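The values are calculated or read from the model by the stated rules, or taken from the named source; none is laboratory data. All figures in this text were calculated on a predicted structure; none of them were measured in a lab. Heads up, the Cβs are rebuilt from the backbone with ideal geometry, glycines too, and the neighbour counts pull from every protein chain shown. Each accessible area value is taken on the protein alone, full model and side chains, heavy atoms only, with ligands, DNA and RNA left out. Shrake-Rupley method; radii C 1.70, N 1.55, O 1.52, S 1.80 Å.
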Amino acid sequence: MTLEGGVQYSKIAEIKGPLVVVDDVDNAAFDELVEIETNEGERRLGKVLEVGNGKAIVQVFEGTTGLSIAGTSAKFVGKVMEMPVSKEVLGRVFDGLGRPKDGLPDPIADKFVDINGEPMNPEQREYPKDFIQTGISVIDGLMTLVRGQKLPIFSGSGMSHNLLAAQIARQASVVGKQDDFAVVFAAIGVQYSEAEYFRRSLEESGALKRSVLFLNTADDPAIERIITPRVALTVAEYLAFDLGMHVLVVMTDMTNYCEALREISAAREEVPGRKGYPGYLYTDLSTIYERAGKLQGRKGSVTQVPILSMPSDDITHPIPDLTGYITEGQIVIGRDLFRQGVYPPINILMSLSRLMKDGIGEGSTRADHSEVANQVYDAYSRAQEVRALAGIVGKAGLTEIDLKYMDVGDVFEKEFLTQAIDENRTIEETLGILWKIVSKLPKNEITKIKDKYIDQYYKEE
Amino acid sequence: MTSNSSLEQAIDKILKKTEKEILLDLKNSGSDSKQTLDDSLPKLEQEYDKIISDGYKEADKIEKQIIGSSDLDVRNKKLLLLEEGVDKVFSKALDQIANTDRSGDYSNLIKTLLDEATKILGTTKVTVFTNTKDKDVVKSILSKYSGAKLSSETIDCLGGIKIKSKDGTMTFDNTIDARIERFKPLIRKEIASTFGMGN
């Protein structure tokens, strides 16, 4: 912190949407923090988006409602936005800008860190390969999450992604190791009831102690949403790379973040890209998602599970589309399964964890994991085909083996996929159910598993 | 006699056969029951193991809840106590600053504050604001800054100065209050570390 900056300018040229244009400005810097002071002495925070020709365009995080050109002044603070970090942030609840929301004082900072983070040196990145157990069978068994990975959840409006997010935050752990584990939870533009659910859910399960919550509710100014994932990731990076913890960052809902970005872009009169989102949406998202990873010589890791709701369940929408380019796979929530009352309604045929193969097997989960998972994928895919066929020719027209595959599909959905919201399954339990499903098939249909594993785990009915 | 013995023989035969059948049935039932018991034993053991492991899981969950919330309670109380301590240190320090003797080195402090402020605004043609206590000190120094003028209006602060450019568009607050506010997070950290926390 320095004395530089601190000049207050009172010549406001224009207020446009979430932006304030300040005139006759010297020495302002890009991304510099700005304090906007109203006539009544109320202070709001903002940051410089553009400087030049004696003007500075300031994006006001708390919105410009109630501001007028006369009487409003802008103080350029002389530093970028920083988040005070220390181990004391664990167990705390903050708002979307990183201010305490739990009635406790500001945490005593160990240091102040620029919320934009420091880009990871690609040369120093370590390949993610350690398993994180979420306790949710379908994720652990078929789309395993590994430390340092970024694995988004693609959902739709009204579906149970928030329940799933809270369950992951409560249950996630590193199995068999004494390493410190923490969860950073960023709620972006969620309803008040959802924010309360997240907070209560972590409190009641005792998981709040190892968690940090950032809650930006739907009625908070949209512009704050630009900051929320960044402050959350700043804390996560500190916990991971300064304190050596393994940090899982859950961010929901990234669609609200993108909406806020579109709002600012429109106010700046930028040329719109697809569906009105700015052309730099991909670059902007990558500055968030690429903050996941592991570094050589450092103990901790940052793993991201961003959650986004696809408008009209459209997976080709720019947000899931561009997210998919950056992340390492995706977990897709299926509307059909949701309507059937299945929880978690994950459509495994559209989901994939690209790093799963490196995080499973002997030494991390179990030697047969990969093969049994492949067999179940295959069997469920066949079950879907058989179901479609049965819809045309009727069950009576199906062969005996087709009926077995239908049975596999039912058992998969009822016993493997379906799980209570407080049910925390170990990886052994998950693999046990996978073998139960495989055992519904005759041995000659099992083509993806080695005989030695069949002999060991197959249970003929 | 002959017919009686044949009858007896027939009855004996029937009795023996029936007895044999009953014994065989009993034996079969015995082995069936044993088989059923043997079969149900692993199931029973499985059920037993499941109940025990569910119990452990539940106990573990409850233990985590209790420990987690009590740890947080303790930590939060500690934080509140610390904050109370920090506030007390701050208010005592502010009292001392407010009552500082305005003679001697104090004029050097005001000069430093004015130097900094005019440098940041890039001009000495400014209007200077201060509080009643510092007015005389500021007045005595101001002649060194060409174009600087002391405002008749006083401001409410612990000490120091606030300057405004002549056209009124730029202001720089270099009062002691503003400086404390700017450095407050660092000062809090220092105070906390003297209480043995925050590092």
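Return yes or no: is A:Ala396 assigned to a helix (DSSP H, G or I), out of contact with any Phe, Trp or Tyr (no Cβ under 7 Å at 6 or more places or on another chain) and within 17 Å of A:Tyr453 (Cα to Cα)?
Details: assigned to a helix (DSSP H, G or I): yes; out of contact with any Phe, Trp or Tyr (no Cβ under 7 Å at 6 or more places or on another chain): yes; within 17 Å of A:Tyr453 (Cα to Cα): no.
It is false that A:Ala396 is assigned to a helix (DSSP H, G or I), out of contact with any Phe, Trp or Tyr (no Cβ under 7 Å at 6 or more places or on another chain) and within 17 Å of A:Tyr453 (Cα to Cα).
Answer yes if at least one residue in region B:35-43 is within 14 Å of another protein chain (Cβ to nearest Cβ), of a type outside the set (Val, Ile, Thr) and in contact (Cβ under 8 Å) with a residue 40 or more places away in the chain, and no otherwise.
Within region B:35-43, the first condition is being within 14 Å of another protein chain (Cβ to nearest Cβ), and the residues that meet it are B:42-43.
The next check asks that each one be of a type outside the set (Val, Ile, Thr); those that pass are B:42-43.
Filter once more, so that each one left must be in contact (Cβ under 8 Å) with a residue 40 or more places away in the chain: none.
Scanning region B:35-43, I find no residue that is within 14 Å of another protein chain (Cβ to nearest Cβ), of a type outside the set (Val, Ile, Thr) and in contact (Cβ under 8 Å) with a residue 40 or more places away in the chain, so the answer is no.
Among the residues of region A:84-92, at least one is touching a Pro at 6+ places or on another chain (Cβ under 8 Å), more than 30 Å from A:Gly17 (Cβ to Cβ) and of a type in the set (Lys, Arg).
Test A:Glu428 against the criterion of being closer than 28 Å to A:Leu163 by Cα, surrounded by fewer than 14 Cβ atoms within 10 Å (Cβ to Cβ) and not assigned by TED's automatic domain parsing to the domain that holds A:Ile168, and give yes or no.
Details: closer than 28 Å to A:Leu163 by Cα: yes; surrounded by fewer than 14 Cβ atoms within 10 Å (Cβ to Cβ): yes; not assigned by TED's automatic domain parsing to the domain that holds A:Ile168: yes.
Against the criterion (closer than 28 Å to A:Leu163 by Cα, surrounded by fewer than 14 Cβ atoms within 10 Å (Cβ to Cβ) and not assigned by TED's automatic domain parsing to the domain that holds A:Ile168), A:Glu428 qualifies.
So in region A:80-98, with the set limited to residues that are at the interface with chain B (Cβ under 10 Å from one of its Cβ atoms) and assigned to a strand (DSSP E or B), which one is most open to solvent (accessible area, probe 1.4 Å)? Among those residues, the one meeting the criterion is A:Glu82. Of all residues in region A:99-117, those being farther than 24 Å from A:Tyr9 by Cβ, away from chain B (no Cβ under 12 Å) and of a type in the set (D, E, K, R) number 2. If the condition is being facing chain A (nearest Cβ under 7 Å) and either basic (Lys, Arg) or over 16 Å from A:Asp106 (Cα atoms) (or both), then region B:67-92 contributes B:Ile67, B:Gly68, B:Ser69, B:Asp71, B:Arg75.
Just so you know, in region A:206-227 the residues that are open to solvent by 10 Å² or more (accessible area, probe 1.4 Å) and free of Cβ contacts under 8 Å to residues at least 60 places away in the same chain include one that is nearest to the other protein chains (Cβ to nearest Cβ), and it is A:Gly206. Of the candidates A:Arg230, A:Arg199, the single residue that is more than 14 Å from chain B (Cβ to nearest Cβ) and assigned to a helix (DSSP H, G or I) is A:Arg230. Can you say whether A:Val48 is farther than 25 Å from A:Asp220 by Cα and open to solvent by less than 20 Å² (accessible area, probe 1.4 Å), as far as the supplied structure shows? Against the criterion (farther than 25 Å from A:Asp220 by Cα and open to solvent by less than 20 Å² (accessible area, probe 1.4 Å)), A:Val48 does not qualify. Of the set (1) closer than 27 Å to A:Ile36 by Cβ; (2) surrounded by 20 or more Cβ atoms within 10 Å (Cβ to Cβ); (3) more than 13 Å from every other protein chain (Cβ to nearest Cβ), all apply to B:Val138 but (1).
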